[in-house]
1. Which of (1) under 30 Å from Thr325 (Cβ atoms); (2) outside any loop (DSSP other than H, G, I, E, B); (3) within 16 Å of the ligand (Cβ to nearest atom) is the odd one out, the single condition Lys148 does not satisfy?
2. Exactly one condition in (1) closer than 30 Å to Phe77 by Cβ; (2) crowded, with 16+ Cβ neighbours inside 10 Å; (3) over 16 Å from the mean Cα position of the chain (by Cα) is false for Asp160; which is it?
3. Would it be correct to say that Glu83 is within 17 Å of Leu170 (Cα to Cα), away from the ligand (no atom under 14 Å from the Cβ) and not assigned by TED's automatic domain parsing to the domain that holds Pro241?
4. For the stretch 170-177, check the following and say yes or no: at least one residue is surrounded by 22 or more Cβ atoms within 10 Å (Cβ to Cβ), among the small types (Gly, Ala, Ser), away from the ligand (no atom under 13 Å from the Cβ) and in the same structural domain as Ile91 (by TED's automatic domain parsing).
5. Only residues in the stretch 222-234 that are farther than 16 Å from Leu195 by Cβ count as the first member; pair them with residues that are in a loop (DSSP other than H, G, I, E, B) and of a type outside the set (Lys, Arg), Cβ under 7 angstrom, at least 6 apart or cross-chain, and list the lot.
6. Within the group Ala252, Ala288, which residue is of a type in the set (Gly, Ala, Ser), surrounded by 13 or more Cβ atoms within 10 Å (Cβ to Cβ) and closer than 27 Å to Gly87 by Cβ?
7. For the stretch 109-139, enumerate the residues that are of a type in the set (Phe, Trp, Tyr) and more than 15 Å from the ligand (Cβ to nearest atom).
Amino acid sequence: MLRNKKLVGLFCFMIIALVLTACGGGNNAANNEGNKNDTGTAEGTPAPAATEGPKYNFRLAETHPADYPTTKGDMKFAELVKEKSDGRITIDVFPSAQLGEEKSAIEQVQLGAIEFTRVSSSPLGEFNKEFGVFSLPYIFDNDEHVWKFLLGDAGMKLLDSLESSRLKGLGYYTSGARSFYSEKPLKTLEDLKGLKIRVQENQLNIAMIDALGASATPMPYGEVYSALQTGVIDGAENNYPSYFSSKHYEVAKNYILDGHQRVPEVLMMSKTAWDKLSPEDQAIIKEAALESITFQREEWAKYEKVSEEQVRAAGATITEVTDVTPWQEAVKPIIDANREQYKTILDAIDAAR
Ligand code: BDP
């Protein structure tokens, strides 16, 4: 009897969950070109009776708010896909982690429950070891170096390697350089000692923070503001746009520009959903993704400037690091310990210098 009741309960729960998933669709999606079409389903299964080909309505999970450069890149991508497919393929962009934080979004995309996501390479490195390379500190000199690598053969091969993780890599977006911030004064490397620093969820970040004499607390991005506010952590690290847009500068006013990592953003699709597309539709998606990169990089450049101006105007104390050598020396053991594993990619990164 009790068992039957449990089963009925479970059944009702599944029905409610299914209804909620189906209805959840378009309501909260960012107002982009890819609005829901009438015939496609939220899961992106082909709708019948389209004259020139099947219709699809897909979802894209994004952690940042609608005005952030990655979200704008996503929307540009959706707009281009819609245009190139004569309106047959629409993509609703869900900003602000509405579909879950990055780790969960990656899992859902692997399962095919969400078709697209844009995430940082750092959490992606826990799903595909190769992507861990971007969490190694100070491996790039500047943005130009990053892009020379990303758009070269090795960068594109790396993107393709996602297929082994049930993901289809479509393109990279830019994310500048990450630096540390804290409510406590941060003027030198010494000031980091003993601080509890939030890092992105990737094992290499923990090793990096240890090597710098601080202690690492991995946690999802969306939890960082309150963790800083309540003192669960002393600091975190990110680029200017995230430092600004997340309002972390309000609760961690000292920003030291050591630029330890340049972690590219990745736009990707569920391999399951990709495999169901015709070669023509796959080409549309791939082309649109590559075309959206230029737009995203332009938006990034503008937003990075505005973010810097805004956090300075809000009274943040910004410290430039004139000599990054002691920082690089402190983390060298991490590079040494991982050089063998990442040899091919690190060689390609060096060659792109
Ligand atoms: C930002 C990335 C975002 C990450 C976030 C983080 O754009 O994808 O979630 O950092 O620190 O720069 O988790």
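1. For Lys148, the exception is condition (3).
2. For Asp160, the failing item is (2).
3. Judged against the criteria, Glu83 is not a match.
4. yes
5. Correct list of pairs: Gly222/Ala97; Gly222/Glu101; Tyr225/Ser246.
6. Ala288
7. Of everything in the stretch 109-139, just one residue is of a type in the set (Phe, Trp, Tyr) and more than 15 Å from the ligand (Cβ to nearest atom), namely Tyr138.
The values are calculated or read from the model by the stated rules, or taken from the named source; none is laboratory data. Keep in mind that what you see is a predicted model, and the values were worked out from it rather than measured. Cβ atoms come from the backbone with ideal geometry, glycine included; neighbour counts cover every protein chain shown.
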